[in-house]
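Enquirer: Below you'll find the structure I mean.
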Amino acid sequence: MSDLDRAIAQLRACRLIPESQVRELCYKARELLIEEGNVVCVDAPVTICGDIHGQFHDLMELFRVGGDVPDTNYLFMGDFVDRGFYSLESFLLLLCLKVRYPDRITLIRGNHESRQITTVYGFYDECIRKYGSANVWRYCCEVFDYLALGALVLGASSGLEPTGPALETTSSTMSLDDSELETEVLNSRGEVTMSTYRPKQPRTTSPLLPSLSQAQPATSSSANPTSSSMPPMRSGWAGTGATSDSSGSYSTGTGAVLCVHGGLSPLIDSVDKIRLIDRKQEVPHEGAMCDLLWSDPDEIDGWGLSPRGAGFLFGGDIVKHFNYKNDLSLIARAHQLVMEGYKEMFDGGIVTVWSAPNYCYRCGNVASILELGEDASNGGTVSRSNGDYNRSNGGAAAAAAVVRSPGRRYRVFEAAAQDTRGMPAKKPVADYFLTQHPYNTHNTPPPTASHRKPMHFCLGPSLA
Amino acid sequence: MAANGLVRVLPVIDPAAGHCFKEPIKRIHEHQDVSEFLCSKAYVNIMTFLLQLNRSMFPTKLSDGGVQTWPLGSDAVEYSAPVRQLQQLLSRLEAILEEAPPDQGPRRFGNISFRRWYEIVESRVSSLLEECLSPGILKTKSSGPDGPTAEVELKAYFLGSWGSPQRLDYGTGHELSFLAFLGAIWKLNGFPQNTPGVEERAIVLGVIQPYLELVRTIIKTYTLEPAGSHGVWGLDDHSFIPYIFGSAQFAPALSQTDQVPEEGSLPDAPDPNSVAKATAVERERRGNMYFSAIGFIYDVKKGPFWEHSPMLYDISGIRTGWAKINKGMIKMYNAEVLSKFPVVQHFPFGSLFSWDREPNAVPPPSTVHAASGPQSRTREEPPAQHPGPGTKAPWAAGAQANTAGSGTAAPWASGGAARAPILPDTSRLPQGPMAPTRAPWANAQQNSATGGSTAQEEMLTKAPWAK
């Protein structure tokens, strides 16, 4: 077992790795990330995840529901840290997985992957508390600077193969012979709770679309009795959108899916412009890079000021235009709590994916992940790139083309059970309750770093 | 000033000596203004009032050798007429909740009907205050011919006490405003003269606790966000003062002439450890403000206490008693609430809480407290603007000039000035939440510009640099 595998095993058990290993891990991760472009290209099938915020046990639940790395190809859209109790365990595990399986997990930057934000919203405090110094925080921040700003998912299939079994209560739009499954919502047991269909497109709609193959309804459901010891039921491998093992799924090319933590920027009108940013820096307070990580979609026209004080609000017209211009079928983003775990807006042009259930232990929301299946129509090769100005299709062809949205499978899950987490045996003493100086004593020198003792209590409940 | 040499008491203004009321306005615009604030009369008044109320909550040594404690709902505390009137005011506000039921429509997090509730309160503020404050207080005139009455100052602090209708959040800044509202009434001689501690206890148990309960109801009704929450890494999502007064309730008993103890507990006080035990919390929350606040955390949060509230959990490990916890809470309040730009920037200054410099202001005690707190940690931090080779933060230069420039002017602010350029804002209690992350650098104009149209009902992170 390599050191890396050992570190992964340890972190999966929610136990921290020594500072020296963190340093090495961060160094390796940086070497890897520096080679990535600002916009990473990812081939479908892929499972897209939103904010984690240090909710380690819920991240484990996410892997249970979505499949493990490297079986499932994952894309995390940032905000790994802050607010939750286990930002370190969560981020370091994801980083280990990135270093171990670089092609099976993609990490992009969220607005919380920043020095300034982490000193305010908790990650800095957590590092001090768990390691006794700011070293680990510093290593992590250096990694943050190298994280990609976005990802482009290519080769996603427009149709889904139905997953069985459906619940009695499943709501669904009418499934007609001449329709294909467009979205499906599954609970954490793999049961379908909602499906939507759309009319099949005639072959002649667009010269860009490969011909449709004949649809075959899924028949696997009856052969798969639900078992509590089995992983959630699905008709394909985890994360494949349940289409890859099917010989007859709908296979049509779709536009690419842009994944970014926050949203769009008035300074960015094409995906290529994102590629021009010098990203290897702290997140600036303004400008394109800042906007990509901070902006939110809103029911407005055009652009609006963000109540967050950073980034912008952008309306449906902005999304439509951006998607059309860049040949995108969907923008997937995170950044905002949504009670249902995901929220599609603007006729499905953008979706918010949120992966931190019962956020901050009190919000009562569910979380979700979004699976995009692979378009098997042309042997899994990606038919075209996106965001390039000089694409083969000219303006006229593009105008005629209707970019089809990908089939979308949302797996919704709730917060992990909590009764198994032991209480830490030791309590570190908080600063304000330590000092000997009575209130109103002046000119007392502040405690120096040497007064701080490393606190080991949180090396995981298993040590308690 | 001191009743017995031990207790400083918030001075009452003398109308005969002439006094001019002023519409309170914001004075804290930049980070370095916080240093000014910590040398202001307002700051001294706030701390004096807080410590005066705090002392009153310590159990009292009786002449027969017994001890009188001051639990919530204590029969031993008599409520004066002004206290009862303030209770009535709080009941009125609670009744207004019925008029603004939570919106049932789709929403992200905070309920926009809170805006309706606030609008109603705002529209009735004059009559509410008239009804519940004696005219002699509310209509106290300025000595000058055209000066406003005291109402203009009372209104500002009263309306600042209920959370932000724009951001749909509530935090310690709002709590501070209510403290100032009560302090303003005190300064206007609105509470009867009495033996030291008597009226203070009535204020804490009879007004502040009902205020906190009302605020909890409001938070639950409209799912208000915690203003500036650090998630699990803060003391409490919304409140601070119940931890001060509640720890005092369990501290060793005092006589009129005793100093406030720095260690020890009342003999039969519960072990601080019991905050992590749900049954103990249920038992103690009825009589104690500390446990009452923790009980609310249990009400709204799901999960292991040590995990969702690690700071309170750590504090529960203190072996040197509730008096030690009390002392730490006051230091922490000073550093994490009164010394934090994102919190105090909203505090308005008039004549009762004045921006004027306190003549005796020693280089602010807060430098000590702040330094003994999280700020000292930031000294260990690397220069954030040089995170790595070839890396630069475009806004860094501006921020640096901004903070370092005048920071050097105040010698006592050297600690702050030294670290300000490193991280333009390391505030640990920024406004707005647990959720939407707010940009720390955002400014007030931006907020108000969007306030009307853009519902802030999401649980989003706000930038800590936001004003």
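Enquirer: From A:Arg421, A:Arg409, A:Arg333, grab the single residue that is farther than 19 Å from A:Thr193 by Cβ and at pLDDT 95 or above. If you could, list the steps in order and put the result at the bottom.
Expert: On the way: A:Arg421 fails: at pLDDT 95 or above; A:Arg409 fails: farther than 19 Å from A:Thr193 by Cβ.
Going through A:Arg421, A:Arg409, A:Arg333 in turn, the sole match is A:Arg333.
Enquirer: Okay, moving on. So, in the range B:333-343, of the ones that are more than 10 Å from every other protein chain (Cβ to nearest Cβ) and touching an Asp or Glu at 6+ places or on another chain (Cβ under 9 Å), which residue ends up surrounded by the most Cβ atoms within 10 Å (Cβ to Cβ)?
Expert: Residues of the range B:333-343 that are more than 10 Å from every other protein chain (Cβ to nearest Cβ), as a first pass: B:337-341, B:343.
Keeping just the survivors that are touching an Asp or Glu at 6+ places or on another chain (Cβ under 9 Å) gives B:337, B:341, B:343.
Details: B:Val337: 21, B:Phe341: 23, B:Val343: 27.
Filtering first and then ranking leaves B:Val343.
Yes/no matrix, rows are residues, columns are (1) out of contact with any helix residue (DSSP H, G or I) (no Cβ under 6 Å at 6 or more places or on another chain); (2) assigned to a helix (DSSP H, G or I):
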| residue | (1), (2) |
| --- | --- |
| B:Ala202 | no, yes |
| B:Leu212 | no, yes |
| B:Ile218 | yes, yes |
| B:Gln256 | yes, no |
| B:Glu263 | no, no |
| B:Gly287 | yes, no |
| B:Gly303 | no, no |
| B:Glu307 | yes, yes |
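Enquirer: Being outside any loop (DSSP other than H, G, I, E, B) and not hydrophobic (A, V, I, L, M, F, W, C) is the filter here, so list the residues in the range A:62-88 that pass it. Explain how you work it out, then say what you get.
Expert: Going through the range A:62-88, the residues outside any loop (DSSP other than H, G, I, E, B) turn out to be A:62-66, A:74-76, A:87-88.
Within the range A:62-88, A:Arg64, A:Gly66, A:Tyr74, A:Ser87 meet the criteria.
Enquirer: State all residues of the range B:204-235 that are among the acidic types (Asp, Glu) and at pLDDT below 95; if no residue qualifies, say none. Steps first, answer last, please.
Expert: The initial filter retains those residues of the range B:204-235 that are among the acidic types (Asp, Glu), namely B:213, B:225.
If the condition is that a residue be among the acidic types (Asp, Glu) and at pLDDT below 95, then B:Glu225 is the only one that fits.
Enquirer: Now a separate question. Which one is farthest from the other protein chains (Cβ to nearest Cβ), of the residues in the range A:314-340 that are free of Cβ contacts under 8 Å to residues at least 60 places away in the same chain and touching a Gly at 6+ places or on another chain (Cβ under 8 Å)?
Expert: Checked the range A:314-340; the qualifying residue farthest from the other protein chains (Cβ to nearest Cβ) is A:Lys320.
Matching residues to (1) over 24 Å from B:Phe158 (Cα atoms); (2) out of contact with any Lys or Arg (no Cβ under 8 Å at 6 or more places or on another chain); (3) in contact (Cβ under 8 Å) with a residue 12 or more places away in the chain:
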position	(1), (2), (3)
B:Met289	no, yes, yes
B:Asp314	yes, no, no
B:Gln345	no, no, yes
B:Phe353	no, no, yes
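Enquirer: Taking the range B:235-254 as the region of interest, how many residues are more than 16 Å from the chain's Cα centre (by Cα) and in a loop (DSSP other than H, G, I, E, B)?
Expert: 4
Enquirer: Identify, please: which residue in the range A:134-143 is within 22 Å of the chain's Cα centre (by Cα) and facing chain B (nearest Cβ under 7 Å) and is, among those, farthest from A:Glu24 (Cα to Cα)?
Expert: The residue in question is A:Cys141.
Enquirer: Tell me whether the range A:341-354 contains one or more residues that are out of contact with any Ser or Thr (no Cβ under 9 Å at 6 or more places or on another chain), within 14 Å of chain B (Cβ to nearest Cβ), under 26 Å from A:Tyr197 (Cα atoms) and not hydroxyl-bearing (Ser, Thr, Tyr).
Expert: no
Enquirer: Right, A:Leu337: surrounded by fewer than 24 Cβ atoms within 10 Å (Cβ to Cβ) and either at negative phi or in a loop (DSSP other than H, G, I, E, B) (or both) or not? Spell out the reasoning first.
Expert: Values: surrounded by fewer than 24 Cβ atoms within 10 Å (Cβ to Cβ): no; either at negative phi or in a loop (DSSP other than H, G, I, E, B) (or both): yes.
In short, no.
Enquirer: For the list (1) in contact with a strand residue (DSSP E or B) (Cβ under 9 Å, 6 or more places away or on another chain); (2) modelled with pLDDT of 95 or more; (3) buried (at least 24 other Cβ atoms within 10 Å of the Cβ), I need the number of the one condition that A:Glu161 fails.
Expert: It fails just one condition, (2).
Enquirer: Let me ask something else. Among the residues of the range B:122-169, how many are outside any loop (DSSP other than H, G, I, E, B), in contact with a helix residue (DSSP H, G or I) (Cβ under 7 Å, 6 or more places away or on another chain) and not charged (D, E, K, R)? If you could, list the steps in order and put the result at the bottom.
Expert: Of all residues in the range B:122-169, those outside any loop (DSSP other than H, G, I, E, B) come to B:122-123, B:125-132, B:135-138, B:151-159, B:164, B:169.
Restricting the remaining residues to those that are in contact with a helix residue (DSSP H, G or I) (Cβ under 7 Å, 6 or more places away or on another chain) gives B:122, B:125, B:128-130, B:132, B:137-138, B:151, B:153-155, B:157-159.
From the residues that got through so far, the ones that are not charged (D, E, K, R) too are B:125, B:128-129, B:132, B:137-138, B:154, B:157-159.
Summing the residues that are outside any loop (DSSP other than H, G, I, E, B), in contact with a helix residue (DSSP H, G or I) (Cβ under 7 Å, 6 or more places away or on another chain) and not charged (D, E, K, R) in the range B:122-169 gives 10.
Enquirer: Going through B:Ser164, B:Ser239 one at a time, which residue ends up being out of contact with any Cys (no Cβ under 9 Å at 6 or more places or on another chain), away from chain A (no Cβ under 14 Å) and within 30 Å of A:Phe80 (Cα to Cα)? Outline the logic, then answer.
Expert: Numbers: B:Ser164 fails: away from chain A (no Cβ under 14 Å).
Checking each option against the conditions leaves just B:Ser239.
Enquirer: What number of residues within the range A:24-70 are of a type outside the set (A, V, I, L, M, F, W, C) and within 14 Å of chain B (Cβ to nearest Cβ)? Steps first, answer last, please.
Expert: Kept after step one, since they are of a type outside the set (A, V, I, L, M, F, W, C), are these residues of the range A:24-70: A:24, A:27-28, A:30-31, A:35-38, A:43, A:45, A:47, A:50-51, A:53-55, A:57-58, A:61, A:64, A:66-68, A:70.
Remaining after also requiring within 14 Å of chain B (Cβ to nearest Cβ): A:27, A:30-31, A:50-51, A:53-55, A:57-58, A:61.
Adding up the residues that qualify gives 11.
Enquirer: Right, something else. Identify, by number, the condition in (1) within 18 Å of the chain's Cα centre (by Cα); (2) within 11 Å of another protein chain (Cβ to nearest Cβ) that B:Ser309 doesn't meet.
Expert: Unmet for B:Ser309, out of (1) within 18 Å of the chain's Cα centre (by Cα); (2) within 11 Å of another protein chain (Cβ to nearest Cβ): (1).
Enquirer: Here is a follow-up. Looking only at residues that are of a type outside the set (A, V, I, L, M, F, W, C) and away from chain B (no Cβ under 14 Å) in the range A:266-287, which one is nearest to A:Leu149 (Cα to Cα)? First the steps, then the outcome.
Expert: Step one: filter the range A:266-287 for residues of a type outside the set (A, V, I, L, M, F, W, C), giving A:266, A:269-270, A:272-273, A:275, A:278-282, A:284-287.
When the remaining residues are screened for being away from chain B (no Cβ under 14 Å), the result is A:266, A:269-270, A:272-273, A:275.
Working: A:Pro266: 16, A:Asp269: 15, A:Ser270: 14, A:Asp272: 12, A:Lys273: 12, A:Arg275: 9 Å.
Per the criteria, the residue is A:Arg275.
Enquirer: Would it be correct to say that A:Ala310 is within 13 Å of another protein chain (Cβ to nearest Cβ) and farther than 25 Å from A:Arg409 by Cβ?
Expert: On the way: within 13 Å of another protein chain (Cβ to nearest Cβ): yes; farther than 25 Å from A:Arg409 by Cβ: yes.
Against the criterion (within 13 Å of another protein chain (Cβ to nearest Cβ) and farther than 25 Å from A:Arg409 by Cβ), A:Ala310 qualifies.
Enquirer: Tell me, which residue of the range B:214-234 that is aliphatic (A, V, I, L, M) and surrounded by fewer than 24 Cβ atoms within 10 Å (Cβ to Cβ) is nearest to the chain's Cα centre (by Cα)? Before you say what the answer is, go through the steps one by one.
Expert: In the first step, residues of the range B:214-234 are kept if they are aliphatic (A, V, I, L, M); the result is B:214-215, B:218-219, B:224, B:227, B:232.
Among the residues that remain, those that are also surrounded by fewer than 24 Cβ atoms within 10 Å (Cβ to Cβ) are: B:214-215, B:218-219.
Numbers: B:Leu214: 15, B:Val215: 13, B:Ile218: 17, B:Ile219: 16 Å.
Selected residue: B:Val215.
Enquirer: Where residues in the range B:316-332 are touching a residue at least 12 places away in the same chain (Cβ under 8 Å) and more than 9 Å from chain A (Cβ to nearest Cβ), which of them is nearest to B:Gly171 (Cα to Cα)?
Expert: Start the filter on the range B:316-332 by keeping residues that are touching a residue at least 12 places away in the same chain (Cβ under 8 Å), which leaves B:316-318, B:320-332.
Now drop any that are not more than 9 Å from chain A (Cβ to nearest Cβ), which leaves B:321-323, B:326.
On the way: B:Gly321: 27, B:Trp322: 24, B:Ala323: 25, B:Asn326: 20 Å.
Only one residue fits best here, namely B:Asn326.
Enquirer: Continuing with the same structure: Of all the residues that make up the range A:119-133, how many are over 23 Å from the mean Cα position of the chain (by Cα), within 8 Å of another protein chain (Cβ to nearest Cβ), in contact (Cβ under 8 Å) with a residue 40 or more places away in the chain and assigned to a helix (DSSP H, G or I)?
Expert: Total meeting the criteria: 2.
Enquirer: Moving to a separate point now. Out of the residues in the range A:107-118 that are under 18 Å from A:Ser90 (Cβ atoms) and either assigned to a loop (DSSP other than H, G, I, E, B) or facing chain B (nearest Cβ under 8 Å) (or both), which is modelled with the lowest pLDDT?
Expert: Restricting attention to the range A:107-118, the residues satisfying the condition of being under 18 Å from A:Ser90 (Cβ atoms) are A:107-114, A:117-118.
Those left that are additionally either assigned to a loop (DSSP other than H, G, I, E, B) or facing chain B (nearest Cβ under 8 Å) (or both): A:109-114, A:117.
Details: A:Arg109: 98, A:Gly110: 98, A:Asn111: 97, A:His112: 97, A:Glu113: 98, A:Ser114: 97, A:Ile117: 93.
Selected residue: A:Ile117.
The values are calculated or read from the model by the stated rules, or taken from the named source; none is laboratory data. Worth saying up front: this structure is predicted, and the values here are computed from it rather than measured. Cβ atoms come from the backbone with ideal geometry, glycine included; neighbour counts cover every protein chain shown.
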